[in-house]
Structure formats: structure tokens, C-alpha cells
1. Quick one: if you stick a label point 7 Å off each Cα along the C-beta vector at SER338 and ARG8, how many nm between them?
2. So what's the convex hull volume per residue for the Cα atoms of segment 252-481, in Å³?
3. How many nm is it between the label spots at GLU468 and MET215, if each spot is 7 Å from the Cα in line with the beta carbon?
4. Tell me, what is the per residue accessible area of segment 252-481 in Å², probe radius 1.4 Å?
5. Could you provide, to the nearest whole Å², the per residue accessible area of segment 62-121 with probe 1.4 Å?
6. At 1.4 Å probe size, what's the solvent-accessible area of MET67? Round to the nearest 10 Å².
7. Ordering HIS130, HIS389 from largest to smallest accessible area (1.4 angstrom probe), what's the sequence?
8. May I ask you to compute the full-extension gain from PHE89 to PHE48, defined as 0.36 nm times their residue separation minus their alpha-carbon distance, rounded to one decimal in nm?
Amino acid sequence: RSQESRERLSVCSKLCYAVGGAPYQITGCALGFFLQIYLLDVAQVDAFYASIILFAGRVWDAITDPMVGFFISKTSWTRFGRLMPWIIFSTPFAIISYILIWFVPDISTGQVMWYLVFYCAFQTLVTCFHVPYSALTMFISREQSERDSATAYRMTVEVLGTVLGTAIQGQIVGKVDTPCIKNPSFSWTNSSVAMEELNMTHDTESLTDTRNAYMIAAGVIGGLYILCALILLLGVREKRESSELQSDEPVSFFQGLKLVMNHGPYIKLIAGFLFTSLAFMLLEGNFALFCTYTLGFRNEFQNVLLAIMLSATLTIPFWQWFLTRLGKKTAVYVGISSAIPFLIVVVVLDSNIFVTYIVAVAAGVSVAAAFLLPWSMLPDVVDDFKLQHPSSHGHEAIFFSFYVFFTKFTAGVSLGISTLSLDFAGYQTRGCSQPEQVNFTLKMLVSAVPVGLILLSLLLFKLYPIDEEKRRKNKKALQDLR
């Protein structure tokens, strides 16, 4: 009992740890929702080159996670810890590169390379922040209950970060109002009229104000990034003894990677959440288009997205209570499957704003479970790995970085699937309405496909072997080893 009391974390420490997760979510949400529009309409990059920038940035972002995990595993302990120095030194450079993403350089050539370089640079630097931050879970306490509680605090703040990212960027640049084209399938005879209508949104004065708004938003978000990093560094102490066992001996990265990838519970957990992440990212990426075109709520989709994020934020404490009472596997089944009936209802019933908000709130409940549970279950897998390989240590970053890698990989897959599907269906850029094939495709992307992926993930979770009884046995065995 005295051992457990020494391992307990104060509420202040948990809050400081949780705040460290906000920068990744705030910047990621702002980039995810607004970068494509910014490149096309504000920076006026050709659509083909804009797609290259976005796709290359996503691919590079996924590749950097295992790379950073490798270098972290080679990092020696310092008086600040092994993970904290990465967070300290990456923060200022990440903020500079983030602000430069939203700056329009006064150059006729090389503009594409400008955005590609700084977008990839920011993804690398934010990975240098987020991978060690994720692995920090294993170094704040040896107690599973304390790590789970800190993870719940973190997920609550991270979901709040998505709300902040959307709200700050949306409110500051919300003055930009691009009118839609009533008949996007125009012929060559009336193309000049349509282009004149489009060019009205790109006059010099309006474009300058828009660019300034994006820079102001980048500055505000950069300031929040610094504030959150300072709170994390001043309020959390990295404990070397929280992760190490008495028999620890160093093992090479590639040997450790082989051991990690052969660990059955880790592979089964990743496989389950791979399909879960793909389902919710398809829903997230296409819900705004679905509300705008299929449901006809062009002026309401921002509020609907906000309802999803607020619902997710408010229900994370509930899921933390639920998993401590009934177990994490039960929480997975109940939390993730709860979205299925509502996703079916929203496409079966006629367009109704009241029903849409109900679906948004229900989807937020499932989003909260999908946010919380992977990060709550990963430490259990790491503990199980340590019992099976007591002579191998220092691989926490591998577990967390490769999970983030697979999550980002699914984000790239969902982006590619959505874009290609809508393109094949005949999506009309800036159209006030879309062809029936596009509406049908959107229904598939926000309902049928996510439901199928969720059902598949639930079948995979049946194979996950670490239940509550197994967790208790692992906890007792780890205490004996220490």
C-alpha cells in the first residue's frame, strides 16, 4: 500500500500531463479541416500540386513515427529524462514551421516546394513532440490505475484540443465566404460568366485580408502550442524507475522491433483499432460534405461537427468510469458499437436537422471511446510484453510510435478512398448541389462502409487476450519482478 501511495499522481500532475496532448490535436485539426481550402483558394496552388503536397505530407508524417521511435530508443537518459529533451528542442522549430505553412511567399516559382518542405518539416517536428509524449505514459507511474486515469485526463484534453483547433481556425478565417456555382456543369459558352463569378472572391483586397486571417490564426495556435509545452515540462516529472525492472539489459532497436511485432496481443490490438480508426476517419472526413450536399444543411455543418466534438469531450469521463467498473474489452464492444444504429438511421430517414444532431451526439459518444481506449489499452500490452521478455527494455517508444504510424496510415487510406470515390462519382467543385451518384457515395462513406469496418473490428477484438483477470495477474507479476 505504501508503494502504491508513492506511485499515485496528483490531479495537478495528471492535468499537466494531459495538457501536453493538446498541441498535436489543435494543429492537426486546423490542418485537416483548412489546409486543402487554403492551398486552393488562398495560396492559389494548382489542384494537382495541392494533392501532391497533401499526400506527400501524409506519407512523410507516417514514416517519421517509427524513425523517431528508433532515435528515441537510442537516446541516453539525462537529468531531464530520456523523452523530455525531445519535447523541449522540437517545440520552437515546430512553431516556426507551422506558421510558415500559412504564409504565402512572394515568389513566382518554387511555391509548391515551399509548402511541401514546411509541411513535411512540421510533421517531422510535431512527431518529435508527440511520440515521446505518448511513450511518457509508461514513465509517469508504475501503477496501471494511475496510468489509466492520466490517460483519461489526456484524452479529454485532446478532444478539447480538436474543438479548439476547429473553433479558433474557423472563427478567425470565417469571414471568407466563397459562393457556390449554381450550375457547375457549365459549357464553354458560359464559362467566362462562371469564371467571372469565381474571380469575385479573389480580388486583391479580399485575398490579402484572408491571408492575414490565416496568419493570425497560425500565431494564436502557435502561442497555445508554447503554453501547453511549458505546462507539460514544468508539471510532469519523467520517472526512470517507473518503467524499468530489476533485470533490465539493453537490447538493439531492430531486435526489439522484431520482438514487439511478434507480440500477439499488440498485433491483435492494433488490427482491431486499425479498422476502427478507418471507420471513424471516413465518417469524420466526409460528414461535412454529407451534411452540406446529401442532407442540404450547408449552413449547419460546422455546428454539427462541433456537436460531435463536444459530445466526445463530455463523455470521456463516463468511459473512464465504465472501463474501471466493467473492463476495457466490454467498453470497446459497447462504446464503438453504439454508433452503428445511428449511422444507419441518418441515411435511411429523410433529411431532418433534429435527427442529424442526435446522430452527431451519438457519434461523439463513440468517438470518445475510440479516442480513449487505444491509449488506455496500450500500456497493458507493454506490461504483458515485459513479463514475457524481462531482459528487454526501452521499447515503449516502439509500441507507441508504430501504433501512431498505423493510425496515420489509415488516415491516408481514408483520404485516398474518399477522394477517389467522389471523383469517380462526378463530384463538382464548388457546386451548390451534387449529382445523385455523389450523394449515394457520401451515404456509403458515412454509413455502410464505417458500419462494416466497425463490425470487423469487433470480431478482431474477440481475439484480444488481455481481459481484466489477465491484467490483475500481470500487475502482481510485475510487482514481484520489481
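1. With each label placed 7 Å out from Cα toward Cβ, I get 2.9 nm.
2. Once divided by residue count, the hull of segment 252-481 is 125 Å³.
3. Reported label-point gap for GLU468 and MET215 is 5.7 nm.
4. 42 Å²
5. With the other protein chains kept in place, segment 62-121 gives 49 Å² per residue.
6. Number for this one is 80 Å².
7. Largest to smallest exposure gives the sequence HIS389, HIS130.
8. 11.3 nm
The values are calculated or read from the model by the stated rules, or taken from the named source; none is laboratory data. If you're wondering where the values come from, they're calculated on a predicted model, not measured in any experiment. Because the Cβ atoms are built from the backbone with ideal geometry, glycine has one as well, and the counts that use them run over all protein chains shown. Just the protein is used for accessible areas: all its heavy atoms, side chains included, with ligands, DNA and RNA removed. Shrake-Rupley method; radii C 1.70, N 1.55, O 1.52, S 1.80 Å.
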